[in-house]
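Here the structure is laid out as structure tokens; the discussion comes afterwards.
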Amino acid sequence: MKRFRMMLLTILFCVMGTNMIMGQQMPAPQIIPEPVSVQVVIGKFTVNPETVIRASGAGVDNSVNYLREYISNCYGLSLEQSKKKAKANCIVLEIKKDKKAVEGAYSLSVSPHTITITGYNESGLFYGVQTLIQLLPVDSKDKNLNIQAIVIEDEPRFEYRGMHLDVVRHIFPIEYIKKYIDYIALHKMNYFHWHLTDDQGWRMESKSHPRLNEYGAYRESTIIGVFPGTGVDHTRYGGYYTIEEMKEVVEYATKRYVTVVPEIDVPGHSMAILAAYPEFGTEPDKETKPATTWNIYNRQNNVLAPREETFQFLEDVFNELMDVFPGKYIHIGADECAFMWWKQDPLTQQFMKEHNMTDEAQVQAYFSKRIHETVSKRGRVALGWDEIIDHDAPKDMIPLVWRDARSAAKAVKDGYYVIQTPMKYCYLNAKQREDEKDITYPMAMTSIDKVYGFELIPENLAEDEQSRILGGQGCMWTEYYESPERIDYSVLPRMSALSEVFWSRKENRDLEKFKVKLQSQFLRYDLWGAHYCDFERRAR
Ligand code: ACM
């Protein structure tokens, strides 16, 4: 039925459009991520100050507001919304709920008189708006915005399409967090993984444990240069987000169909906790401070000790986290915990004996199990870095595979659903080419070609196992990124490449075509006021 309607529309537009454009050439549409099907037809629609947006019914407001704001901010046009039928010069936004449709599915048709975006669910309508935005001219100073007549059917390939941001090594203003969420939405991604705690700082307000903010949120100094560095800057650094600010971010994200996935990273990466509450660690009498350097794991970072007071603390702070963040996923960290501290701590050894544990991996598994209980009690799903699969975590936890994409297959075969974020392809803090001048992670080079070439489904998965790969995520660790401009530089344009990896059909992905489309995307970044990396921008 859908296909028949599309054919009809195509024929109709060809007939209607031919005379109206008199051979005028329109640039080919440059849509990122590439939709499922795109059919260019003859004709054009012109958005001008008289164009109205027609939308009514439940669930349309977010999309209408987003479109109006975008056109106003980027083109200075303020379009009226009308609930009445208009014969022409009208953009129709509608939701036709279809239970069989994938979340995010939509169709879009542009004819000389009308643009119609049909979402088969609420987020689908929003993604249709994102596509329409990309059909607008990128370098128009005119108040008449010509849009190519076109018919598009589209839906995402993967259900989890995320971007992460570390706000511990460097913290960023709420206004930038919102801008980052806009980048996520503009790329039809739907999860924002907010890395809120680590060795160098605790970044969420805690009413139950205020010392986390007083002592855990500030470090005395920061290393200068690439690790191990050339010294420290002797400047106090830190801060945290208030509950009100975090709620504001959740509300902002929700209007863009982005779910915030907050992370408290334990039982390793806990120096900021131990600076505030040393009694939760394996060396309660030793003074610990938030780390002032990077690469703190294995031998250097003390870890949480398996004691009832510690588990009570974790229950409190994870409950506080869930009070603020309503999304279904809660990230509990679980990466890079140094077992040597548990090995040398008599109380941990005693705990292991009492619980019939023979090695320290079981202590880590016990931490996961306890936090999983707290999270599950409130109907949420616990995520963890992929160390959880080494430690036999509960099977309804979801690992984010970061060390090696190949272990995703093992995790699936062990019975987990999986999110792919392997550092080789998805860590966007790596340098972008060999002669990169700016300071980045020196160990790795992740070109845009490499990012684009990543395939989320490992080769050795059977058909029925493939659906256990929920999707993927780009990660942005911020040791060497101290400002919003530097974050922009590192995520754009590689995030655009990832958006095709997460959204587009495999057979629709084409690196050369993507690089051509990127030339328009650079102009869009300019419209967004983004400070992107322009290595791939061609001379015009
Ligand atoms: C990680 O990069 N330690 C998850």
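With the Cα gyration tensor of region 39-104 in hand, give its eigenvalues times 5 under a square root as the equivalent ellipsoid semi-axes, listed largest first in whole angstrom.
Gyration-tensor ellipsoid for region 39-104: 22, 16, 13 Å.
Provide the descending list of Cα extents for region 177-250 along its principal axes, expressed in whole angstroms.
The Cα atoms of region 177-250 stretch 42, 34, 15 Å along the principal axes, largest first.
Would you tally the net charge around F313, using a Cβ to Cβ cut-off of less than 10 Å, leaving F313 out, and scoring K and R as +1, D and E as -1?
That works out to -4.
Provide the FRET efficiency to the nearest 0.05 for the K87-E459 pair, computing r from the beta carbons and using R0 = 51 Å. Can you show the working numbers first?
Numbers: r = 54 Å, r/R0 = 1.06.
E(calc), rounded to 0.05, equals 0.40.
Placing +1 at every Lys and Arg Cβ and -1 at every Asp and Glu Cβ, with all other atoms neutral, what dipole size does the chain have around its Cα centre, in debye to the nearest 20?
Here the chain has a charge dipole of around 2540 debye.
Taking the Cα centre of region 441-540 as origin and charging only Cβ (+1 Lys, Arg; -1 Asp, Glu), how large is the dipole, in debye to the nearest 20?
On the way: 14 positive and 17 negative charges, 93 e Å.
Its charge dipole is roughly 440 debye.
Need one number: nm distance between label points at Q39 and Y297, each 7 Å from Cα along Cα→Cβ, rounded to one decimal.
Spacing of the two 7 Å Cα→Cβ label points: 5.0 nm.
For region 352-471, what ratio Rg/Rh do Cα atoms give with a Kirkwood hydrodynamic radius?
We get a ratio of 1.07 for region 352-471.
Over the heavy atoms of R378, what accessible area does a 1.4 Å probe trace out, to the nearest 10 Å²?
90
Full-extension gain between K328 and D438, please, as 0.36 nm times their residue separation minus the C-alpha to C-alpha distance.
Length gained, K328 through D438: 35.9 nm.
Restricting things to alpha carbons, find the Rg to Rh ratio for region 99-241 using the Kirkwood radius for Rh. Present the calculation step by step, with values, prior to reporting the outcome.
Numbers: Rg = 22.0 Å, Rh = 18.9 Å.
For region 99-241, the value is 1.17.
Considering the Cα positions of region 217-321, please state its Rg to one decimal place and its Dmax as a whole number of Å.
For region 217-321, the Cα-based Rg and Dmax read 16.3, 47 Å.
Quick check: convex hull of the Cα atoms in region 435-540, volume per residue, rounded to a whole Å³?
134
Rounded, prolate or oblate: which fits region 314-366, taking a ≥ b ≥ c as square roots of the Cα gyration tensor eigenvalues, rounded meaning a/c under 1.5, else prolate when a/b beats b/c?
Prolate.
Contour minus end-to-end for D449 and S72, with contour as 0.36 nm per residue of separation and end-to-end as the Cα-Cα distance?
132.3 nm
Roughly what would the spin-label model give for K513 and D392, points 7 Å off Cα along C-beta, in nm?
Taking the simple label geometry, K513 and D392 are separated by 4.8 nm.
Under a point spin-label approximation (7 Å from Cα along Cα-to-Cβ), what is the F227-K97 distance to one decimal in nm?
Spacing of the two 7 Å Cα→Cβ label points: 4.9 nm.
So what is the relative contact order of region 293-357, in percent, for Cα pairs below 8 Å that sit 6 or more residues apart?
51
Averaging sequence separations of C-alpha pairs under 8 Å and six or more residues apart, then dividing by the length of the chain, give the relative contact order as a whole percent.
14
Suppose we look only past 16 Å in the calculated P(r) of region 389-444. What percent of the Cα-Cα pairs does that tail hold?
Percent of Cα pairs beyond 16 Å in region 389-444: 49.
Determine how many Å³ per residue the convex hull of the Cα atoms of region 275-406 encloses.
Convex hull volume per residue, Cα atoms: 130 Å³.
Of I223, I332, M445, which is farthest along the charge dipole of the chain in the positive direction, counting Lys and Arg as +1 and Asp and Glu as -1 at C-beta?
The residue sitting most towards the positive pole is M445.
Grab the alpha carbons of region 33-184, take their convex hull, and tell me the volume per residue in Å³.
Cα-based convex hull of region 33-184, divided per residue, equals 137 Å³.
Between region 131-154 and region 243-284, what is the separation of their alpha carbon centroids in Å?
40
Run through every distinct alpha carbon pair of the chain and return the Kirkwood hydrodynamic radius in angstroms, one decimal place.
Evaluated on the chain, it is 24.7 Å.
So which trypsin sites (Lys or Arg not before Pro) in region 312-373 are both in a DSSP loop and have at most 16 other Cβ atoms within 10 Å of their Cβ?
Of the trypsin sites (Lys or Arg not before Pro), the ones in loops of region 312-373 whose Cβ has at most 16 other Cβ atoms within 10 Å are K328.
If you place +1 on the Cβ of every Lys and Arg and -1 on the Cβ of every Asp and Glu, how big does the dipole about the Cα centre of region 120-229 come out, in debye to the nearest 20?
On the way: 12 positive and 15 negative charges, 48 e Å.
Value, rounded to 20: 220 debye.
The values are calculated or read from the model by the stated rules, or taken from the named source; none is laboratory data. Note that the structure is a prediction, hence the values are computed from the model and not measured. Backbone-built Cβ (ideal geometry, glycine too); neighbour counts: all protein chains shown. Each accessible area value is taken on the protein alone, full model and side chains, heavy atoms only, with ligands, DNA and RNA left out. Shrake-Rupley method; radii C 1.70, N 1.55, O 1.52, S 1.80 Å.
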